[in-house]
Amino acid sequence: MPVKHLHRGHELASDLVISRNRVLLRKGSILTDTLIKKISALGYQGLYIHDDLSKGLQVNEVISSELKLTMRNELESFLNNTSFNKPNTLKAQMKRIDKLLTYTIDEILQSSKVMVNIIDLRTYDDYTYSHSLNVALLSVIVGISMGMGRPQLHQLATGALLHDTGKMFIDKTILNKPARLTPEEFEEIKTHSERGYHYLNDNLEIADDSKLMALQHHEQYGGKGYPQGLSHEDIHLFSRIVGVVDVFDALTADRPYRKAMLPSDALEYILGGYDTMFDPDVVSALVKKVAPYPVGTCVRLSTDDVGIVVQNHEHASLRPVIKLIVDNKPVETYIDLANDRCALNITIKEVVNY
Ligand SMILES: [Fe+2]
């Protein structure tokens, strides 16, 4: 439910991370006016609540809220340490991050049958940390879908988590500028790839393939990226993965200069860059694993019926199972857009706020 539609008495249907001091609002909590104000101030776009519409819906988390929060906090202290350059602290931090990544990969492997709900993946407090964390989670999901084993997934996750380390060296007023960048400012931002790579190379003992992701994540498959203008297989596979996932996650988040795109629109954007900006194999893996219409989304069909998505099909992600809503109430009528023969000519027209 969008935050603006929340009201006192609503019951939370999934855990909510509300701040960095490890306070969680547990599933089952009843919302008060103060809590709603706080949730809204934290920048949440929406959250899961129990109501008539959601009865019987199961929301599957890719990783637990606790692990997500611990990772996020660890990442924050790691990235804030860059100015102090204390090698021992950095090494100890990296050790802890390493361990957390092992747990994370375990949890994702256990839930790898599930299609990802990008909205559910997100934590909201600070873009830098939540974005890096999401990029790591999505990269692992894509890596699994492309058949990688644990050692590769671990290197992929490490590089994905640290891919934007170089941004710590860029002036915050440029990074968070709510307007179009001047050519000079854009050139300054572009230096974050090389600065991040050198920082990781000089200070951490992590795999070369992971470090390369900091250097290459803005390269484009067709050769029009930066800093080196590499193309195709000259860009490391890990970097091609993080290149796609980085853009996808950024599009689905609210930014100072634009509102978040719907998952379905962001996936279309990614598909539009197939072969020019993005590696086709990576795009296919992402499209297979991320639901354009996640469970809980309300949609209007080409028949003008409205319904709520109750199940996604991995083989046909644009054709989920819909439970119809009639006179503002969900009814026990389901349309399986992928499997009901009589539904083959029905399409999803738009996402609606309900
Ligand atoms: Fe970047």
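The values are calculated or read from the model by the stated rules, or taken from the named source; none is laboratory data. Remember, predicted model here, so these are calculated numbers, not experimental data. Note that each Cβ is placed from the backbone with ideal geometry, even for glycine, and that neighbours are counted across all protein chains shown. Side chains included, ligands, DNA and RNA excluded: accessible areas come from the protein's heavy atoms. Shrake-Rupley method; radii C 1.70, N 1.55, O 1.52, S 1.80 Å.
A few comments on the model shown:
- GNM result for the chain, Cα springs below 10 Å: residue of Leu133, Leu230, Leu153 fluctuating most strongly: Leu230
- Heavy atoms of Lys172: accessible area, 1.4 Å probe, square angstrom to 10: 100
- Debye, to nearest 20: dipole size of the stretch 163-240, +1 on Lys, Arg Cβ, -1 on Asp, Glu Cβ: 360
- As a ratio to 2.2 N^0.38 Å, the alpha-carbon radius of gyration computed for the chain takes the value 1.01.
- Two-decimal Rg/Rh across the stretch 166-255, once Rg and the Kirkwood Rh are taken from alpha-carbon atoms: 0.97
- Angle in degrees between helix 263-272 and the longest Cα principal axis of the chain, rounded to the nearest 10: 50
- Segment Ala92-Phe186, length gained on full extension (0.36 nm per residue, minus Cα span): 30.4 nm
- Within the listed set Val135, Val326, Val309, the residue fluctuating most in the Gaussian network model of the chain (springs between alpha-carbon atoms under 10 angstrom) is Val326.
- Once backbone amide H atoms are built at 1.01 Å from N, Lys349 has Arg300, Leu301, Ser302 as its partners under 5 Å, excluding neighbours fewer than 5 places away on the same chain.
- Long-range amide H partners of Ile49 with built H, under 5 Å: Ala13
- The stretch 149-157 - phi-based ³J(HN,Hα) in whole Hz, Karplus 6.51/-1.76/1.60, Gly and Pro as x: x, 3, x, 5, 4, 5, 5, 4, 5
- The dipole here belongs to the chain: it is taken about the Cα centre, uses +1 on the Cβ of Lys and Arg and -1 on the Cβ of Asp and Glu, and is about 880 debye.
- Sequence of Asp33, Asp327, Asp208, Asp246 from largest to smallest accessible area, 1.4 Å probe: Asp327, Asp208, Asp33, Asp246
- Solvent-accessible surface of protein heavy atoms, probed at 1.4 angstrom with all chains present, puts Glu188, Glu233 in the order Glu233, Glu188, largest first.
- Spin-label model, Glu194/Val352: points 7 Å from Cα along the beta carbon direction are separated by 5.4 nm.
- Among Leu90, Leu215, Leu156, residue whose mean-square fluctuation peaks in a GNM of the chain (springs only between Cα atoms under 10 Å): Leu90
- Using a cut-off of 28 Å between Cα atoms, the listed pairs Lys91/Lys177; Lys68/Lys211; Lys4/Lys288 include Lys91/Lys177; Lys4/Lys288 as exceeding that distance.
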